[in-house]
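A short write-up of the structure that comes next.
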Amino acid sequence: MISKVQNMTERKTEKQKNIWNSKPLINIGKSGITENLIKEAKTILKKKKLIKVRILRSALVNSDVQTLAQEFASQTNSTLIETRGNTFIVSKR
């Protein structure tokens, strides 16, 4: 019999796989992480547990992907799950 924890973990990884195949819900552009972007992200995080965020090349002039992803996660009170290229996934805490 599969334990509840193992079953929850399998569902979580399934959701993560599905989100990589979907379009990003938020794009970080040349203006970077703004207050309006954070408000929008928090609103989306209330409705969805995982969101996909893409960083445009113009936003990477002064920073790198990992730094922007961590900053985004801390400002939205979310957890950084995974980073691939210029895209990352965060989940609601």
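The values are calculated or read from the model by the stated rules, or taken from the named source; none is laboratory data. Here the structure is a predicted model, which means the values were calculated and not measured. Neighbour counts run over all protein chains shown; Cβ positions are idealised from the backbone, glycine included.
Here is how the numbers come out for the structure above:
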quantity: Tally, over segment 18-34, of residues that are under 14 Å from Phe88 (Cβ atoms) and part of a helix (DSSP H, G or I); calculated: 2
quantity: Of all residues making up segment 65-93, the number that are within 19 Å of Ser31 (Cα to Cα) and not charged (D, E, K, R); calculated: 14
quantity: All positions within segment 35-64 that are part of a helix (DSSP H, G or I), more than 12 Å from Pro24 (Cβ to Cβ) and either touching a strand residue (DSSP E or B) at 6+ places or on another chain (Cβ under 6 Å) or hydroxyl-bearing (Ser, Thr, Tyr) (or both); calculated: Thr43, Leu45, Ser58, Ala59
quantity: Segment 45-93 - residue that is farther than 18 Å from Asn21 by Cα and β-branched (Val, Ile, Thr) and, of those, modelled with the lowest pLDDT; calculated: Val61
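For every residue, the table says whether it meets (1) polar (S, T, N, Q); (2) surrounded by 14 or more Cβ atoms within 10 Å (Cβ to Cβ).
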{"residue": "Lys23", "(1), (2)": "no, no"}
{"residue": "Leu37", "(1), (2)": "no, yes"}
{"residue": "Ala41", "(1), (2)": "no, yes"}
{"residue": "Glu71", "(1), (2)": "no, yes"}
{"residue": "Asn77", "(1), (2)": "yes, no"}
